[in-house]
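What follows is one structure encoded as structure tokens, with my remarks underneath.
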Amino acid sequence: MDESSTTTLGDRVRRAQRGDEVALRELIVSYQHRVAGFAYAITGRSDSVEDLAQMVFVKMARAIPRLKAPEQFEPWLFRLARNTCIDHLRRQKLRRIFIPFAPEHENVPEPSGAVDAEELDALRHALAQLRPKDRALLALVQEGRSHAEIAETFGTSVAAVKARLHRAREQLRQHYQSDEN
Amino acid sequence: MKTENQAWVRLREHAAAQIAPGFPDRVLRAARAASSPLFIAHFAMCAVTAAACLVAVALYHARASGDEDAQSLAGWGEITSQASDLEQGL
């Protein structure tokens, strides 16, 4: 991201912090697709992508006045998105304890036509084999987050992020290749 | 590796396609509703109801266990007096 775009983003965030709805709208438009991709990588469900993205942006709209460093908006937004997706998966797991479904209803397949490419299907299946936190880690890397930013998001050290990332990439590669074969 | 990268691109495209037109407006409406006084009042009402239930349960529990303690004490008193009567009889 170059300096001018950072300034524009910072300016937009500051306007949104002052309650400017146009700026808030611009932020949503700029990030809606990236947040959707991020949520999809973690949950693997097309049908919950829009709901999750909406939850993330509603949280963003409510919390943005409290963001201390506007230039840190992007890592902050993806931290919010990561926590929202992990919470969603946790709630789903908890719900399954109280409302146990029959095994055949446990993993309802994606609606037909939802996934049109083989390679995407293979990646989705490979991601599903990983832990949600590892999926979030890989999705953050795909979003261009630095190791330092990811370490801050996960509340851990850069060395630990590198080690986990290496493991997660290896696992993904193994599952991805076995799915492709 | 190339196909994996392509798959990530596909994944992002597929996810982006799930966002229906008018999404920003829906988000802003939801955000407004979430911070409206009505929502806050509703939330406060829920919190007050939960607190009242908690107090009622605590009061009932305190009362029930108090009654139980009194009953037990009375029972023990009776046993003690019977035991001392027995001792005197012996």
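Extending 7 Å from Cα along the Cβ direction at B:R26 and again at A:S157 yields two label points whose distance is 4.5 nm.
Each label point was placed 7 Å from the Cα along the Cα-to-Cβ direction; for B:T49 and A:R90 their separation is 2.5 nm. What you get for the stretch A:17-94, charging only the Cβ of Lys and Arg (+1) and of Asp and Glu (-1), is a dipole of about 400 debye around the Cα centre. Every helix of 4 or more DSSP H residues in chain B counts as -39500 (n - 2.57), and over all residues that averages to -31500 deg cm²/dmol at 222 nm.
Rounded, prolate or oblate, given the Cα gyration tensor of chain B, with a/c below 1.5 counting as rounded? Oblate is the answer for chain B, as a/c is 1.5 or above yet b/c matches or exceeds a/b. Since only B:G77, B:S65, B:A17 are under comparison, the one whose Cα sits farthest along the positive direction of the charge dipole of chain B, derived from C-beta charges on Lys, Arg, Asp and Glu, is B:A17. The charge dipole of chain B, taken about its Cα centre with unit charges on the Cβ of Lys, Arg, Asp and Glu (plus for the first two, minus for the last two), comes to roughly 1420 debye.
Quick check for me: using +1 on Lys/Arg Cβ and -1 on Asp/Glu Cβ, what's the dipole size of the protein assembly as shown about its Cα centre, in debye to the nearest 20?
Details: 35 positive and 35 negative charges, 215 e Å.
Here the size comes out at about 1040 debye.
Read-outs: derived from the displayed coordinates by stated rules, not from any lab. Quick caveat, the model's predicted, so the values are computed rather than measured. Because the Cβ atoms are built from the backbone with ideal geometry, glycine has one as well, and the counts that use them run over all protein chains shown.
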